[in-house]
Amino acid sequence: MSRRYPPLAHHFLSLGQQYSAAKLGMWLFLAQEVLFFSGLFMAYAAFRYFYPETFLAAHEHLNVTLGATNTIVLLTSSLTMALAVRAAQLGQNKQLLINLALTFLFATTFLVIKYFEYSHKIHLGLLPGKFYSAHEHIPGQPALFFGLYFVMTGLHGLHVLVGMGVIAWIFIRGLNREFGPEYNTPVEIVGLYWHLVDVIWIFLFPLLYLVK
Amino acid sequence: MNYLTAKKGFKSWLFTLDHKRIGLMYLVAVLSFFFLGGVFALLVRAELWTPAGDMFTADMYNKFFTLHGAIMVFLFIIPSVPASLGNFLIPLMIGAKDVAFPRLNLLSWYIYVLGALFFFYTLLFGSLDTGWTFYTPYSSQTGTSVISATLGAFILGFSSILTGVNFIVTIHKMRAPGLTWGRLPLLIWALYATAVIQVLATPVLAITLLLLVVERAFGIGFFDSTIGGDPVLFQHFFWFYSHPAVYIMILPGFGIISELITVHARKRIFGYNAIAASSVAIAVIGFLVWGHHMFVSGQSSFASMVFSFLTFAVAVPTAIKVFSWVATLYRGSIAFTAPMLYALAFIFLFSIGGLTGIFLGAIAVDVHLHDTYFVVAHFHYVMMGGTVIAFIGGIHHWWPKLFGRMYNEGWARLGCFLIFIGFNLTFFSQFVMGSRGMPRRYHSYVPEYAIWHQLSTIGSLVLGLGLVLTLVYLLHSLFWGKRAPHNPWGGESLEWQAATPPIEFNFTKQPVVTSGPYDFPEIEQDRS
């Protein structure tokens, strides 16, 4: 049984250099992601400062149970992702594939739960901006709160979708037995990305669902 | 067999992974947009020849200055130096075969082209009249095609981010043996600092523009005060990117000037460490000054005070650079070649641009000068008098390396002279009328300003003539120029050790560095 190692790209001197370049590049990309979301967190801070009573009242309309379930689902998916990276480093291809499949499954679960949450909000008219049409009285500017809710979780959801795409990509490469102790960079950087998606949710969950 | 001739055919360019070819493709693209943006600038100047708004309607005028600004900022000046010369030079200067991620590099170029297509769409359908700053609430209400323009800028932003990531990793991981941080050419330090801003500031613009798109498409209301949003929040978001972005524009120019001054004055740079560190300092402090754009936007006076102080603080590392360049010239063997003339023009023009920035950073003065031609003149002195002059100087300096041909020195000096005269005529008059209260973005004005506007318009024609002349003799040299010698200026940094033009993978064998980038041999002789 032989693995197909991708050859060293022409412009690198060694596999070590190639690996550390890829890893640094990914960390920089993650820094960029953090700054991308930071704008939304700043908007959140500003509007919560302007309308604290809205945030207190409006968050009651989010489903904490579903949110907490999703938090557990996503945290578990980070565990399986970490196990997948470990398996790739040890050359355990079967473990790698199982853990990647589990991660993908958890990601799907997350989005399915999110779908039910969204459709419930849409049903009640708890929507952003001019689409807001809920009957319950929420003081202040509830349309802004739900604007934040949909934009923040929506962009996070898009990141989950992209994550599923790249997990599927390394799963297929795993089927071809491309990863092992000598070469597993793609698994590792996809892992880094997935953990970031998880970390962002860890901030979104308390900020949106657990306002006190 | 050099990189230009190594492979043939259209496809060999469209699918190339060679950083030098990608750099050239960027060069052609950004210069084309410089031309397009310049045409809009001339149209704006033509309208202002007379006090009455008689040439175009006010709406047309709004579109012209908006398109001038948006094209120049997003399609020309932000990618200008890093994506073209930076792409070409970084691997050569650090002794690498390519950037760290060649495929990502090509992808960045295609993302740039995609963003440009969105701008073309905007140009042809609905146009844009918000000013390049897209300020709300106007931008969320106007009938022009704001969504396609902001999506274009959003996409261009990702091109910039990916280029930044690529450059940081390349500079960290791909340096030749012996090329320590203290031996890096100062252009590399400047591009490194630039890349840090590209990676950390641009995503904030991305989310801002995305929110503006969502605002227009779904009325989400973040920037709409009628449902509790805040238009000033947009300004904070926008300038959190766009102030650091002016350092994305100028830092590479600083880097080019450091190279030009030392090589053409045959003298080791004065204050290497100070210049390198000041690039990084500017990048860091530059993140904390955005509020000086908002002194009259209802920002708290305490915040304004802090932003004013930090604005003054960012002038310190900038001044360190200018003093170091002047000190490098002192007792140097100055050759008045075209690149050196551009470097001298840069020091002169940038000093004016930088110092007037201090005027605008002072709160009380800014209240008077805000939204006048003084701001327009200041911005053009740093961007056009700074970045563009440095860019053109850099193109001359590395022209032999890019194409293996020499341009005509006499025509080059004439071009530089015309550009310098035309530029000052155009924009110094704007300082005068701005300080006398002429507001920006008006297409008609009171007759008292007519003389200054006319001087400015004449200047813009001279400037345009100088630029066209430059383009003509540069293109001419591609076919009929003298073959360039291997190292025409006697540069010591690694790019001059590669063949002219370089071969496909830059060096025949891995270079090893044993000395600094400005250790010119004749200096060593002087010492002994």
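The charge dipole of the range B:18-522, taken about the Cα centre with unit charges on the Cβ atoms of Lys, Arg (+1) and Asp, Glu (-1), comes to about 1340 debye, rounded to the nearest 20. Spin-label model, B:Ala277/A:Ile122: points 7 Å from Cα along the beta carbon direction are separated by 5.8 nm.
With the simple model of a label 7 Å out from the Cα in the direction of the Cβ, A:Arg173 to B:Ser301 spans 6.0 nm.
Cα convex hull, the range A:15-209: 103 Å³ per residue, rounded to a whole number. With each label modelled as a point 7 angstrom along the Cα→C-beta vector, the B:Phe309-B:Leu355 pair spans 2.6 nm.
Between A:Glu60 and B:Ser444, the FRET efficiency estimated from the beta carbon spacing at R0 = 45 angstrom works out to 0.20. Using the rule -39500 (n - 2.57) for each DSSP H run of four or more residues, divided by the residues of chain A, the 222 nm mean residue ellipticity is -27000 deg cm²/dmol. Measuring against 30 Å, Cα to Cα, the residue pairs A:Lys23/A:Lys94; B:Lys8/B:Lys482; B:Lys7/B:Lys321; B:Lys8/B:Lys509; A:Lys23/B:Lys267 contain B:Lys7/B:Lys321; A:Lys23/B:Lys267 as the ones spanning a longer distance. Projecting the Cα atoms of A:Ser133, A:Leu40, A:Gly16 onto the charge dipole of the range A:15-209, computed from C-beta unit charges around the Cα centre, puts A:Gly16 farthest toward the positive end.
Note on B:Trp480/B:Ala52: beta-carbon distance plugged into 1/(1 + (r/R0)^6) with R0 of 45 Å gives a FRET efficiency of 0.45.
Charge tally for B:Met1 (other residues, Cβ to Cβ under 15 Å; Lys, Arg +1; Asp, Glu -1): +2. A straight line joining the Cα centroids of the range B:202-268 and the range A:90-125 runs 36 Å. Please report the net charge: other residues with Cβ closer than 15 Å to the Cβ of B:Tyr407, K and R +1, D and E -1. Once all neighbours under 15 Å are counted, the net charge is +4.
Per residue, the Cα convex hull of the range B:137-237 amounts to 105 Å³. When the Cα atoms of the range A:109-212 are aligned to their principal axes, the ranges along those axes come out at 60, 25, 19 Å in descending order. Exposure proxy ranking for B:Trp411, B:Trp239, based on other Cβ atoms within 10 angstrom of each Cβ and starting from the fewest, stands as B:Trp411, B:Trp239. Would you work out which of B:Gly386, B:Val30, B:Gly143 lies farthest towards the positive end of the dipole of the protein assembly as shown, given +1 charges on the beta-carbon of Lys and Arg and -1 on that of Asp and Glu, about the Cα centre? Ranked along the dipole, the leading option is B:Val30.
In a fully extended conformation the segment linking B:Ser333 and B:Ile363 would gain 6.5 nm over its present Cα-Cα distance, using 0.36 nm per residue. Shielding value for B:124-132 is 0, the average number of Cβ atoms from other chains within 10 Å of each residue's Cβ.
Just to be sure I understand the rule: take each whole DSSP H helix in chain B, project its Cα atoms onto its long axis, keep it if the span is 27 Å or more and its mean Kyte-Doolittle hydropathy is at least -1.0. Which ones pass? Once both thresholds are applied, what remains is B:19-47, B:102-124, B:146-173, B:186-218, B:231-265, B:301-329, B:338-361, B:409-435, B:450-480. Would you mind checking the range B:178-221 for residues with the amide N under 18 Å from a putative spin-label position 7 Å along Cα→C-beta of B:Val512? It comes to B:178-181, B:183, nothing else.
Can you give me the C-alpha center-to-center distance between the range B:333-382 and the range B:164-195, rounded to a whole angstrom? Here the answer is 28 Å between Cα centres. Calculated FRET efficiency, B:Leu124 to B:Leu14, Cβ-Cβ distance, R0 = 30 Å: about 0.80 to the nearest 0.05. With the largest listed first and rounded to whole Å, the semi-axes of the equivalent ellipsoid of the range B:18-522 from the Cα gyration tensor are 36, 25, 23. When all alpha carbon pairs of the protein assembly as shown are counted in 10 Å bins from zero, the resulting P(r) reads 3, 13, 22, 25, 19, 12, 5, 1, 0 %.
Dipole of chain A computed with +1 at Lys/Arg Cβ and -1 at Asp/Glu Cβ about the Cα centre; of A:Ala84, A:Ala57, A:Pro206, farthest Cα towards the positive end is A:Ala84.
Considering only the Cα atoms of the range B:192-246, their convex hull presents on average a projected area of 3.6 nm².
With 0.36 nm allotted per residue and the present C-alpha distance subtracted, the B:Ala217-B:Gln141 stretch has 26.3 nm of extension available. Place a point 7 Å from Cα of A:His10 in the direction of its Cβ. Which residues in the range B:76-104 have their backbone N less than 15 Å from it? Backbone N within reach: B:96-104. Rounded to the nearest 20, the Cβ-based charge dipole of chain A about its Cα centre (Lys and Arg +1, Asp and Glu -1) stands at 480 debye.
Fewest neighbouring Cβ atoms within 10 Å first, the residues B:Ile358, B:Ile90, B:Ile451 line up as B:Ile451, B:Ile358, B:Ile90. Treating cross-link reach as a plain straight distance, find the aspartates and glutamates whose alpha-carbon is under 13 Å from the alpha-carbon of A:Lys121, omitting any fewer than eight places away in the same chain. Output for A:Lys121: A:Glu60, A:Glu136. From helices alone, chain B scores -22000 deg cm²/dmol at 222 nm; the rule is -39500 (n - 2.57) for each run of n ≥ 4 DSSP H residues, then divide by the residue total. The ranking of B:Trp399, A:Trp169 from fewest to most other beta carbons within 10 Å of each one's beta carbon is A:Trp169, B:Trp399. For the protein assembly as shown, the Cβ-based charge dipole about the Cα centre amounts to some 1940 debye (Lys, Arg positive; Asp, Glu negative; other atoms uncharged). Straight-line cross-link partners of B:Lys11 among the lysines, defined as a Cα under 26 Å from its Cα and at least 8 positions apart when in the same chain: B:Lys20, B:Lys97, B:Lys401.
We did not get these values from a lab; they are worked out from the coordinates using the rules stated. What you see is a predicted model, and the numbers here were worked out from it, not measured in a lab. Glycine also receives a Cβ, built like all others from the backbone with ideal geometry; neighbour counts cover every protein chain displayed.
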